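Working notes, beginning with the structure itself.
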Amino acid sequence: MKSNRVILEQLQSRFSDATFTEQTTKDEIFTLWIPLDQVQKILRYLKYEIQSPFTFLYDLTAVDERTRNRSTNHVPHADFTLVYHLFSYTGNCFIRIKVGLFGEYPSAPSITSLWANANWYEREVFDLFGIKFEGHPHLARILMPRTWEGHPLRKEHPARATEMGPFRLWDEKEDREQEALLFRPEEWGLERQSEDSDFMFMNIGPQHPGTHGVLRIILQLDGEDIVDAVPEIGFHHRGAEKMGERQSWHTYIPYTDRVDYLGGVMNNLAYLLAVEKLAGIEVPERVKVIRVMMCEFFRIASHLVWYGTFAQDLGQLSPVFYMFSDREKVFQVVEAVCGGRMHPNWFRIGGLSQDLPKGWETLVQNFLDYFPKRLKEYDAMVLKNSLFKARTKGIGIFTLEEAIEWGVTGANLRACGSDWDFRKKRPYSGYEFFDFDIPTGQNGDCYDRALVRVEEMRQSLRIIEQCLKHMPEGSYKADHPLTTPPLKKHTMQDIETLITHFLNVSWGPVIPAGEAMSCIEATKGANSYYLISDGNTSPYRARIRTPSFPHMQMLPYITRGYTVADLLSILGAMDYVLADIDR
């Protein structure tokens, strides 16, 4: 692409002594390998100096290359690879920067001085791969317990409990675990007292109704005022990426449902778009429209959970009962179509598990007739409530520039005045053919974040109505050899087709070597899967970029100076899911 060539020429002109190696990928994202000793300089140039700067550090992860099939890996040799995904809002494009590392436990320079949100990403890479970052302000484990031995995403680390010895909790181990749970402010650079008062340290969670899951937040308080906060995550960590390396491309689909467990099939879509890029599968138009319709139903269901529990966090109990009842009406449609409710895992590689059932139009139309009136009632009940306004307006404010710096996406970004929505700006699954608006706010506070999500539900209704009125005819699966489960018509022609069908069902498809990343506008923000195949029946690397992870990282920054009561407003308006953070 011409723009890629321009970027490469600018880099080569600015860094004439550096060697840049371009890599071709299935997702066509411009991918460059750069030298380790110039990482900070090159990334600084990409953020601040290049035309259409890459101001957004979208993701930072690593790959253990040591057991990879080298015959399918036509890239520079390395023991580990650091992968930086950067995004340019002005240029509307990604760039993938790769750095090769050597040795058992390599190190690289930290980029926390360039991007605030690099802090947690580098801690995660250290935790799961053992790669150290020189200059990081507090390089400690983040998802695993502090006493954990080993780094789970290294290839030699066991993937299952059956590969490890039986668990034993002897007295010394219990004492060590209890000691590790103690919070020591000095480790985080926090003072115990100021010139005129002693600070108090308060635990919020890990069992607290306001945290909506097992999350621990240690507050540094001066009276009621928050001086600083330290979020402790990882309690929900289940090794979702490690499981992706052990499951087949097909059998991993149900695991994706459990990441943002309120997003349902939207999790499937983010994963399958990347798989289908790797496999070269183009799905029929009917599949695209059905996928869009079901994703928008889950957007409404997720927003209803957020809406009701947010009002409950602020002291209003009635809305959560009304809104959960309406969520049941969404699930009636979902269950009739998919056969499941919260975790239908209904999408498949190349299509869907089955076509729409008879009578689906009536169910969808009934909901479209019913729900708009309910949203009007909720406006009067919640958004116009004077107490709700008092506890959300002017609370938890951040600017658009701060949002980009911290990796904020979704409704939280749009509440700052940006109209960025991946469905509009970088359409996928046919969203470019739908007519809908992107609601935005102006103040970047908790109230505007609420306004945006409520209006998003109305826009989802518009999209669903268009799906209902313009549903294409055709197949619910692609006619492609890697579609799973494979089409039955390829079964009994001859022994070769029977064997192929049997292997594709039992082992799953063999996805061609390569790498690809998808990115969708999920319920909480930008969600993507970065998948690497070395020509096998399972991913070599499955990276999940979730929106809730960077959102929670921003919590200390946006709570300082507010009160403990305001913390619940800020947490509720953030709309996160703990499994989406921890994976």
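Only the coordinates and a few stated rules stand behind these numbers; no lab work does. Remember, predicted model here, so these are calculated numbers, not experimental data. When we count neighbours, we look across all protein chains shown, and the Cβ atoms used for this are built from the backbone with ideal geometry, even at glycine.
Values computed for the structure shown
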read-out: E174, E124 arranged by Cβ crowding within 10 Å, fewest neighbours leading; value: E174, E124
read-out: Overall form of region 240-582 per C-alpha gyration tensor (a/c, 1.5; a/b vs b/c); value: prolate
read-out: Anchor K488: lysines whose Cα lies under 21 Å away (excluding residues fewer than 8 positions away in-chain); value: K477
read-out: Loop trypsin sites (Lys or Arg not before Pro), region 382-418, which have at most 12 other Cβ atoms in a 10 Å radius of their Cβ (DSSP); value: K384
read-out: Karplus-derived 3J(HN,Hα), 6.51/-1.76/1.60, for each residue of region 340-351, Hz, glycine and proline x; value: x, 10, 6, 10, x, 5, 9, 6, 10, 5, x, x
read-out: Percent of beta bridges antiparallel (DSSP, the chain, rounded to nearest 5); value: 85 percent
read-out: Of the GluC sites (Glu not before Pro) in region 177-242, those whose Cβ has at most 11 other Cβ within 10 Å and which sit in DSSP loop; value: E195, E224
read-out: Candidate aspartates and glutamates - alpha carbon under 18 Å from K173, same-chain residues fewer than 8 apart omitted; value: E149
read-out: Within-13-Å neighbourhood charge of S88 [Cβ basis; K, R +1; D, E -1]; value: +3
read-out: Structure-derived Kirkwood radius over Cα pairs in Å - corresponding label in (i) 35.9; (ii) 25.2; (iii) 24.4; value: (ii)
read-out: Equivalent ellipsoid dimensions for region 2-154 as semi-axes, Å, which come from the Cα gyration tensor, largest first; value: 26, 19, 14
read-out: Reach of K47 by Cα under 12 Å, taken over aspartates and glutamates that are not fewer than 8 positions away in the same chain; value: E405
read-out: Environment charge of A380, counting only residues whose C-beta is closer than 12 Å and scoring Lys/Arg +1, Asp/Glu -1; value: +2
read-out: HN-Hα J in Hz across region 318-324 - Karplus 6.51, -1.76, 1.60, θ = phi - 60°, x for Gly and Pro; value: 4, x, 5, 6, 5, 6, 5
read-out: Antiparallel bridges, percent of DSSP beta bridges restricted to region 2-154 (to nearest 5); value: 75 percent
read-out: Relative contact order (%) - the chain, alpha-carbon pairs under 8 angstrom, separation at least six; value: 17 percent
read-out: Cα-centred dipole magnitude for the chain, charges only on beta-carbon of K, R (+1) and D, E (-1), debye, nearest 20; value: 1600 debye
read-out: Per-residue HN-Hα couplings for region 457-462 [Karplus 6.51, -1.76, 1.60; θ = phi - 60°; Hz; x = Gly/Pro]; value: 5, 5, 5, 5, 4, 4
read-out: Sum of -39500 (n - 2.57) over DSSP H runs of 4+, divided by residues of the chain (222 nm, nearest 500); value: -11500 deg cm²/dmol
read-out: Positive dipole terminus of region 1-110, leading residue within P35, F56, V83 (C-beta point charges); value: F56
read-out: Cα gyration tensor shape for region 353-463, rounded if a/c is under 1.5, else prolate or oblate; value: oblate
read-out: Cα shape, region 400-555, gyration tensor, a/c 1.5 rule; value: oblate
read-out: Amide H within-cut-off set for A229, under 5 Å, with H built and near neighbours excluded; value: Q220
read-out: Environment charge at W188 (Cβ cut-off 12 Å; Lys +1, Arg +1, Asp -1, Glu -1); value: -3
